[in-house]
Structures are given as C-alpha cells and as structure tokens.
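The values are calculated or read from the model by the stated rules, or taken from the named source; none is laboratory data. Everything numeric here is computed off the predicted structure, so don't read it as measured data. Ideal geometry is used to build each Cβ from the backbone, glycine not excepted, and the neighbour counts take in all protein chains shown. Just the protein is used for accessible areas: all its heavy atoms, side chains included, with ligands, DNA and RNA removed. Shrake-Rupley method; radii C 1.70, N 1.55, O 1.52, S 1.80 Å.
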Amino acid sequence: MKEFISLLKFGTKFALWAAIVNTIVAIIKTAAYLITGNVAMFAEMMHSFGDAANQFFVFIGSALSKKQPTERFPGGFGRLVNLVLLGAVLVVGVLAYETIVEGIHHISNAAHSEDWFWLNVGVLGAAAILEAIVLYKAMKEITAHLPKEEVSGFKIIPASYRHAKEANPATKLVFLEDNVAVGGALLALLAIVVSTYTPFHSATGYASILIGIALIVVVGRIFLDNAAGVLGVADLGLQARIGARIMEHPQIRDIQDLYAIKEGDSLHIEIRVEVDPSMTIEEADEIRDYIEEKLKENIKNVTDVIIEFDEDDGTATWSNL
C-alpha cells in the first residue's frame, strides 16, 4: 500500500484534474435528474460518471505504469495503463447500454412537461462550460510540443485534432471523451428545448439514444487504441524521422532494423545499424552515445534505447524498410 501511494504522485495530473471536474459535474447532474426525472439529464449523468471513472482509471494506470522493472517483470510496467483502460471500457459500455435503454423507454412513454425547464437548462449549460474548459486543457496538452505561433488563439483547435494521434493514452482519452461530453451536453440542452416548446416530446429520448451511441463509439476507439498498446504498437512516423536523423551520421552506412514501440506513456527504441567492419569499439561507443543523446534530446518520454552494430553488407536496407 505504501508503494502504491508513493506511485500516485507520478500519475498524470491532468487526468486526475479532469476526473475531479467530471465527478462534480456528474453529482450536479444526478441531483438535477432526481428532481426533474428528465431522460436527457439521465443520459448526461451516466455520461459524466463514465468519463469520471475512465479518467480515474487513467490516473491510477499511469501512476502504476511508472513502477520500476522487477526480476519478475524486467520489461517494466509501461503497458499497464493500456490494460487498465481496457477495464474502464467495460464500465463505460454498461453505462452506454443503460443510456440507450432509458432513451427507448422514454420514446414509447413520452409526455409533455414544462416542469423544471430552467433547472435543466442551467445545469446542462454549466456542465457544457466546465467540460469545454477540460477539453481546452486537453488541447493544450496535445499541442504543448508545437511552436507557439501554430497554436495561438483559435489555431489550437485544428492543431489539436491534427496531432491527437500523437498524444499519450491519458490525454487522448480525455480529449475524445470531452469532445463527446461537450457535444452531448449541447445535444441534451437542445432536446429539452425542443421537447418543451414543440409537439416533439420524445426529443429527449432520442437525444439519450444518440448520447449512448456516442459513448459506444468512444468506447470502441479507446478499446482499439489500448488493445494495440497492450500488444506493443510501433510509431511508424517516428521511426521514419529517427532513421533519417541517424543516417545523417557519416560513419553509419545503413540501418537494418529500427523499432519505436510505445510502452504506455514511454517509448522503447531498438536499432541495428551497419558500420565499417574495421571500426574500433571506442568509435562504436561514440556512435552509441551520439544516437542516445540525440534521441533523448529531441523525443519526449524515451525510456531506453537499445543499439546493436553489424558490419556493412553492401546492400541498402533502410530505404526499403
């Protein structure tokens, strides 16, 4: 237990902050739902609880993934965050199912009501603002490595969507969930207005179903990303950039193999380069130090670099990888 508590300080603080905000929003929505009985509010309540649960899972998983390798697990615990998120998928999947079922029940039993209209509008409006703040912070996390001129003002919005795939699992999850959260709150708000002031009284039921479907889409995306992470997914774009940088060294003739594998928030890099067979051990060590320094200097979260040397076989391999 003492080790677990000490590891929590290494967890992704952004995910913890997002989880706390979504928990507060979920509690407010729960109170509003218990007072009003509005099905769109029920859908938003379930959505916020799902987001909060996922983000707490992310925080704990990211903290545990920082545990140092042991004799039993010499490869470390970097992929533990992906395993934890696969568990979180089940929680959100159940919430999405309940949201869709409740929406279907409401469609078959829709009734006109103007009770608690302004309470529903006020709660969902406040929720949309809070979740938009979390989404903005996720955008800032995603674009933190970009030059300031690329993310100034409203430029941060398209930039965050362009670079979302490059974000670590924690930030990517918060970004995806809060996109749906903001959209869901606005959809529920619109549905309440429509069901109150038009004959389309089942609008909130349809909104509940759409929010449930959106949750399922997010669950599917999270599942696919983290299943790949558990298996050990290679970053092909990063591998190309690393290879180009390594080939700039005058004493490196070719690259036989190069792998940049994501281990949770960290990167594990393996390289096999071809050099002149007459090269001394001292020269090879200098090349090794050069490569490690350049990689850790220019790429975030590189935890270890394994470099092997082989004699030049006279056949160009890197261009064909």
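Only one of the numbered conditions (1) open to solvent by less than 10 Å² (accessible area, probe 1.4 Å); (2) β-branched (Val, Ile, Thr); (3) without any contact (Cβ under 8 Å) to a residue 12 or more places away in the chain is not met by VAL194, and that is (1). Taken over the stretch 197-207, the criterion of being open to solvent by 20 Å² or more (accessible area, probe 1.4 Å) and either part of a helix (DSSP H, G or I) or touching a His at 6+ places or on another chain (Cβ under 6 Å) (or both) is satisfied by TYR197, HIS201, TYR206. Only one of the numbered conditions (1) at pLDDT below 85; (2) among the β-branched types (Val, Ile, Thr); (3) under 22 Å from ARG288 (Cα atoms) is violated by VAL180, and that is (3).
Among residues of the stretch 76-111 being more than 27 Å from SER195 (Cα to Cα), of a type outside the set (Lys, Arg) and not in a helix (DSSP H, G or I), the one that is nearest to the chain's Cα centre (by Cα) is GLY78. Tally the residues that are within 27 Å of ASN301 (Cα to Cα) and open to solvent by 10 Å² or more (accessible area, probe 1.4 Å), restricting the search to the stretch 37-54. Count: 1.
The residues of the stretch 244-295 that are part of a helix (DSSP H, G or I) and buried (at least 18 other Cβ atoms within 10 Å of the Cβ), listed by number, are ILE246, ILE287, ILE291, LEU295.
Taking the listed residues ALA132, ALA159, the one that is part of a helix (DSSP H, G or I), over 30 Å from LYS29 (Cα atoms), in the same structural domain as ALA203 (by the TED database) and not charged (D, E, K, R) is ALA159, with no other qualifying. The residue pairs whose first member lies in the stretch 208-227 and is more than 19 Å from THR171 (Cβ to Cβ) and surrounded by fewer than 18 Cβ atoms within 10 Å (Cβ to Cβ), whose second member is at pLDDT 80 or above and of a type outside the set (A, V, I, L, M, F, W, C), and whose beta carbons are closer than 8 Å, counting only pairs six or more residues apart or on different chains, are ILE216/GLY93. Candidates LEU85, LEU34, LEU90: the one that is surrounded by 14 or more Cβ atoms within 10 Å (Cβ to Cβ) and among the aliphatic types (A, V, I, L, M) is LEU85.
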